[in-house]
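Below is one structure; the comments refer to it alone.
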Amino acid sequence: MDIDTTQPWGLAIDFAGRATLIEAGHTIHVNVTDTSLSDIIGPDSITGTYSAVNITAQFTETGTNNTVLRGIGRVTVPPVGTDPVVPDQTAIQRAVATALTNFADNTAAYAALCTKWTTPADSSGGTDSTDDTSSAP
């Protein structure tokens with residue numbers, strides 16, 4: 001991902017902290033939010049410190065038979081002392097890289113899981129006729 005040095009977070013985000021970008025062929029959704037419960041950005045009334053900022057990057061890819069693989073990345077930028085968080089132009093880039101790595105890991109894990117099942121000899125989905133345990137001798 002190329003960093004836009006003209007933007008505080010390295011990528012143009014909308015008023016709600018959202019952006020969408022294409023990276024490695026995936027449409028990745030980015031969200032930049034503070035961790036406070038308030039809609040007003042200010043120091044916590046008890047601790048006097050500002051909230052950290054979370055950057056999430058996530059995407060899904062859908063395959064056949066409703067298979068869905070996800071890639072999720074999250075980076076937290078903490079405040080320094082009692083000052084508000086200073087935008088980090090590499091934070092979104094790191095979150096996107098983490099999401100792509102997570103997707104690759106999930107893809108490998110899914111492929112490994114699929115190799116554990118073998119195709120049944122009986123195409124009807126039933127059990128093998130030589131393994132009949134329902135009748136008593």
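The values are calculated or read from the model by the stated rules, or taken from the named source; none is laboratory data. Treat the numbers as computed from the prediction; the structure is a model and nothing was measured. Heads up, the Cβs are rebuilt from the backbone with ideal geometry, glycines too, and the neighbour counts pull from every protein chain shown. Calculation scope for accessible area: heavy atoms of the full protein, side chains included, ligands and nucleic acids excluded. Shrake-Rupley method; radii C 1.70, N 1.55, O 1.52, S 1.80 Å.
Suppose R0 equals 35 Å. What FRET efficiency, 1/(1 + (r/R0)^6) with r the Cβ-Cβ distance, do residue 38 and residue 2 give to the nearest 0.05?
After rounding, the FRET efficiency stands at 0.55.
Would you list 21, 113 from the most to the least accessible area, probe 1.4 Å?
From most exposed to least exposed: 113, 21.
Whenever you get a sec, compute what percent of the accessible area on the chain sits on carbon and sulfur atoms (1.4 Å probe).
54
Given that just one value was derived from the coordinates, which of [x] 202; [y] 95; [z] 104 is volume of the Cα convex hull per residue in Å³?
Computing volume of the Cα convex hull per residue in Å³ and matching it to [x] 202; [y] 95; [z] 104 gives [x].
For the Cα atoms of the chain, what angle does the longest principal axis make with the long axis of helix 91-114, in degrees from 0 to 90, nearest 10?
Its long axis makes an angle of about 10 degrees.
At 1.4 Å probe size, what's the solvent-accessible area of residue 50? Round to the nearest 10 Å².
60
Return one whole number: the accessible area per residue of region 9-112 in Å², for a 1.4 Å probe.
60
Mind putting a number on the dipole of the chain about its Cα centre? Charges go on the C-beta only, +1 for Lys and Arg and -1 for Asp and Glu, and I need it in Debye to the nearest 20.
Here the chain has a charge dipole of around 160 debye.
Tell me the net charge near residue 88. Cut-off is 15 Å between Cβ atoms, residue 88 excluded, with +1 for each Lys or Arg and -1 for each Asp or Glu.
-1
By accessible area of protein heavy atoms, probe 1.4 Å, what ranking do 59, 103, 15 get, highest first?
Of 59, 103, 15, the descending order of accessible area is 15, 103, 59.
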